[in-house]
1. So for the protein assembly as shown: antiparallel DSSP bridges make up what percent, rounded to the nearest 5?
2. Net charge within 9 Å of B:ASP27 by Cβ-Cβ distance, Lys/Arg positive one each and Asp/Glu negative one each, not counting B:ASP27 itself?
3. Net charge within 15 Å of B:GLY43 by Cβ-Cβ distance, Lys/Arg positive one each and Asp/Glu negative one each, not counting B:GLY43 itself?
4. Just A:ASN28, A:ASN73, A:ASN65 to compare: in a GNM of chain A, with alpha carbon springs under 10 Å, which one fluctuates most?
5. Does chain A come out rounded, prolate or oblate, given a ≥ b ≥ c as the square roots of the eigenvalues of its C-alpha gyration tensor, rounded meaning a/c under 1.5 and, failing that, prolate meaning a/b above b/c?
6. Once you place label points 7 Å from the Cα toward the Cβ at B:SER70 and A:SER67, how far apart are they in nm?
7. How would A:GLU59, B:GLU17 rank on accessible area, largest to smallest, probe 1.4 Å?
8. Taking amide hydrogens as modeled 1.01 Å from N in the peptide plane, which residues meet the under 5 Å criterion relative to A:GLN17, leaving out close sequence neighbours?
Amino acid sequence: NAGVTQTPKFRVLKTGQSMTLLCAQDMNHEYMYWYRQDPGMGLRLIHYSVGEGTTAKGEVPDGYNVSRLKKQNFLLGLESAAPSQTSVYFCASTHGIQGLDEQYFGPGTRLTVT
Amino acid sequence: KQEVTQIPAALSVPEGENLVLNCSFTDSAIYNLQWFRQDPGKGLTSLLLIQSSQREQTSGRLNASLDKSSGRSTLYIAASQPGDSATYLCAVKGGAQKLVFGQGTRLTINP
């Protein structure tokens, strides 16, 4: 059981470049989330999904897109990276059922945009 | 809008002490509250989850309490050890299974 995995672990982009972050979970969770963590700002929700084929905006969605084509995967895309998107990105997942609604986090992706 | 506050932002104590970390939230309409630990450069590890109907949860040397009506939770760590040094985050769950996080308490246990 790998839990929640994220690819890549580190990435450096130039302004204007695009990239996709991959999150995978092997716990058959319905709900998946993307957060960013910045010093002094804490963890903030970017986008989330309540099931395969669904996505919804979180607190800071601008500049990001997501897709959930398969239940186990949740992709986060940056179409035109900006220095303000330099951050550590975390993916999380949960069953979402009362009593099974603990959120599990991946190890993070450290992204630098120059 | 739900706001979660953790005080203090940093805490340093000698090894062996019992300590309490505090978390407060503004909207009592929550489903649960979760405490996490984060080591430098790492992801979040779940420590304890308290459902809204519960008052406390225990795991080993950790005990978390929840007072929903007053919007407060505490994480009690008994007999602290240097390995407990980390940042501790609390998060409350509201609608659509979304978590709102506090900014964390950075804990240092001195040998």
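The values are calculated or read from the model by the stated rules, or taken from the named source; none is laboratory data. Worth saying up front: this structure is predicted, and the values here are computed from it rather than measured. Because the Cβ atoms are built from the backbone with ideal geometry, glycine has one as well, and the counts that use them run over all protein chains shown. Ligands, DNA and RNA are stripped out before the accessible areas are found, and what is left, the full protein with its side chains, is counted by its heavy atoms. Shrake-Rupley method; radii C 1.70, N 1.55, O 1.52, S 1.80 Å.
1. Of all bridge pairs located within the protein assembly as shown, approximately 90 percent are antiparallel.
2. Cβ neighbours under 9 Å give a net charge of 0.
3. With Lys, Arg at +1 and Asp, Glu at -1, the net is +3.
4. Highest fluctuation among the options: A:ASN28.
5. Prolate.
6. Going by the 7 Å Cα→Cβ label model, 5.1 nm.
7. Largest accessible area first, the residues go A:GLU59, B:GLU17.
8. Close amide H contacts, sequence-distant or interchain: A:ALA81.
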